[in-house]
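Take a look at the structure below.
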Amino acid sequence: MKNGVIVIAGPTASGKSQLAIDLALALNGVILNADSMQIYKETPILSAVPSFEDKQLVEHRLYELYDNNFKGSVINWLDNIVPEIKKVWQENKIPFVVGGTGLYLDNLINGTTPVPETSEKVHKETIKLLSEIGVNALYQKLKEVDLETARRLSPNDTTRVRRAYEVWSDTHIPLSEWHKKQMIKKIPEARFFVIRLLPSQAELDERCYLRFDKMIEKGALKEVETLFAKGIDNSSPSMKALGVPELLSYKRGEIKLDEALSLAKLHTRQYAKRQLTWFKSKLKSNFDICRCYQTDENLLKNIIFNVKNQI
């Protein structure tokens, strides 16, 4: 399987981690993280980082790398995972890229737009300008230099308006023109075999509810209490993990625990639904599993047969 990479994608609670472990054990694999929340150290329970026991079964890499003040991005993730994939190949093993962050997987498989990272000088200047004139005025400036991008954005979308104006300020090329340039593949030699987990909405809903109950049993509330005690800013990435905002509201005395748990389950279900829709419409696959995964020897044999015949 020279230069083969197996991608396991699907919504939260669909069984990706278990499928990855079962296949990696059968195919001498290493599991590489493709989840934007599992890169942080503060919320291993609420972000469903693989357990110590799972890590003893199969090697897992790129999990729990950063403190919560690190602003992760798809570019940063690509810079981490590409050398890891090559390292796994050099070890004569198979890399399994596993996660539910569709943007990460799409950029790895299909390539990234060649939009450059803007200079720190221009970044600071744009933030200063935004604070002085406000997002609506900055939006009007954007319309003058990149009308195509401006038409796609809401005048109130502070982050995207700032970013688009920043790119033009630094490169003097509109963001819309950058997006028309050929995609750049970070690892063009890779041959991907993509497995999608696409369970029914009803099955996924039930799994989301059960999984959150198990997280509470494992100590998710204590995990949030630790975040609260540290006084971490609400804009920090770890504060956005599923369940964290709701449990923090309970900790602050704003809502009761039952209400916090109900809201957390609802928002988890809604998030999983959006993931499911994205994977169905945006990510092409070589093999689909139309249910949540639990260890199944016959299914594993079928997947392995397809992998060996297509990579």
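Here the spin labels are modelled as points 7 Å beyond Cα on the Cα-Cβ line, and at GLU225 and GLU297 they lie 4.4 nm apart.
Partners of LYS273 within straight-line reach, counting aspartates and glutamates whose Cα lies under 14 Å from its Cα and excluding those fewer than 8 residues away in the same chain: GLU203, ASP205, GLU206.
With Cα atoms as the point set, the chain shows a radius of gyration and Dmax of 21.0, 63 Å. Stretched out straight at 0.36 nm per residue, the stretch from LEU25 to ASP258 would grow longer than its current Cα-Cα span by 79.9 nm. The mean sequence separation of alpha-carbon pairs under 8 Å and at least six residues apart, normalised by the residue count of the chain, gives a relative contact order of 29 percent. The range 275-311 and the range 10-44 have Cα centres spaced 14 Å apart. The simple spin-label model puts a point 7 Å past each Cα toward its Cβ; for LEU210 and LYS93 those points are separated by 3.0 nm.
The gain in end-to-end length when the VAL74 to ARG274 segment is fully stretched comes to 70.1 nm, 0.36 nm per residue minus the alpha carbon separation. Under 24 Å Cα to Cα from LYS230, which lysines show up? Leave out anything in the same chain fewer than 8 places away. Filter leaves LYS41, LYS71, LYS218, LYS222, LYS240, LYS251, LYS256.
Computed extension gain for GLN18 through GLU177, at 0.36 nm per residue and net of the alpha carbon distance, reaches 53.0 nm. Distance from the alpha carbon centroid of the range 243-264 to that of the range 59-124 works out to 32 angstrom.
Applying a DSSP loop filter and a limit of 16 other Cβ atoms within 10 Å to the GluC sites (Glu not before Pro) in the range 230-311 leaves GLU254. Here the chain carries DSSP beta bridges of which approximately 5% are antiparallel, counting only pairs with both residues inside.
Divide the volume of the convex hull around the Cα atoms of the range 120-178 by the residue count and you get 65 Å³ per residue.
In this rough spin-label picture, where each label sits 7 Å from Cα along the Cβ direction, the ARG151-LYS55 distance is 5.0 nm.
Bear in mind that the values in this text are calculations on the coordinates, not laboratory data. What you see is a predicted model; the values in this text were computed from it and never measured. Positions of Cβ are backbone-derived with ideal geometry, glycine not excepted, and every protein chain shown enters the neighbour counts.
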